[in-house]
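Just so it is clear, none of the values below were taken in a lab; they were calculated from the coordinates. Since this is a predicted model, take the numbers as computed values, not measurements. Positions of Cβ are backbone-derived with ideal geometry, glycine not excepted, and every protein chain shown enters the neighbour counts.
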Amino acid sequence: MSGGSQLDSTDLALLAQLQEDSSLSNQDLAGRVHISPATCLRRVKRLRDAGLIEREMAILNPERLAAALGHGLEAVVEVSLDRQGNEEQEAFEQRVSADDAVQQCYRVSPGPDFILVVHARDMQDYLALAQRLFTSDANVRNVKAFFSVRRAKFRPRIPLPVRG
């Protein structure tokens, strides 16, 4: 399976269901896609082995966690580098991606070089993050942070074509 050229409608249906709820039992998943449990197990294994399913995880509800942990700060951060060669961009990308506070890292064009989504406990924690990731890096030219006041949508899924 390469480049998605061998994905049929059953594969796409499995991927769509798993994006919605990866905690489904094999039996339930097979029932939703209208295939046998054995076929379902075999196909999902093939999709995993092909690297189409990168990993599975729980998506936590920040509003409900806030009662126990506090709301924290989420920020979308634009970062521009001074030197923008591939080597410098890869070094920055590896350094920020290794930091647990960085939830997402995108190399973008045009505009800034990177867009990061970061999470911090509070402003003090964000300032420590900014020092650690941006201020201490001599190649970081400009940083612009936008603090989230409300998350209207969060749906990490890839739209899949429907094949008949």
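A few notes on this one:
- Average Cα contact separation per residue, the chain, under 8 Å, 6 or more apart, as relative contact order %: 26 percent
- Neighbour counts of C-beta atoms inside 10 Å place 148, 136 in the sequence 136, 148, starting with the fewest.
- Counting neighbouring Cβ atoms within 10 Å and putting the fewest first, the residues 147, 154 line up as 154, 147.
- Just checking the listed ones, 152, 66, 13: in the Gaussian network model of the chain with Cα springs under 10 Å, the one fluctuating most is 152.
- Length added when fully stretched, residue 121-residue 84, from 0.36 nm per residue minus Cα-Cα: 10.2 nm
- Computed helical MRE - 222 nm, the chain, DSSP H runs ≥ 4 contributing -39500 (n - 2.57), nearest 500: -11000 deg cm²/dmol
- Modelled FRET efficiency - R0 22 Å, residue 91 with residue 144, Cβ distances, 0.05 increments: 0.60
- Segment 81-164: trypsin sites (Lys or Arg not before Pro) in DSSP loop, at most 16 other beta carbons within 10 Å: 83, 121, 150, 151, 153, 157, 163
- Counting other Cβ atoms within 10 Å as a rough exposure proxy, the listed residues 69, 12 run 69, 12 from fewest neighbours to most.
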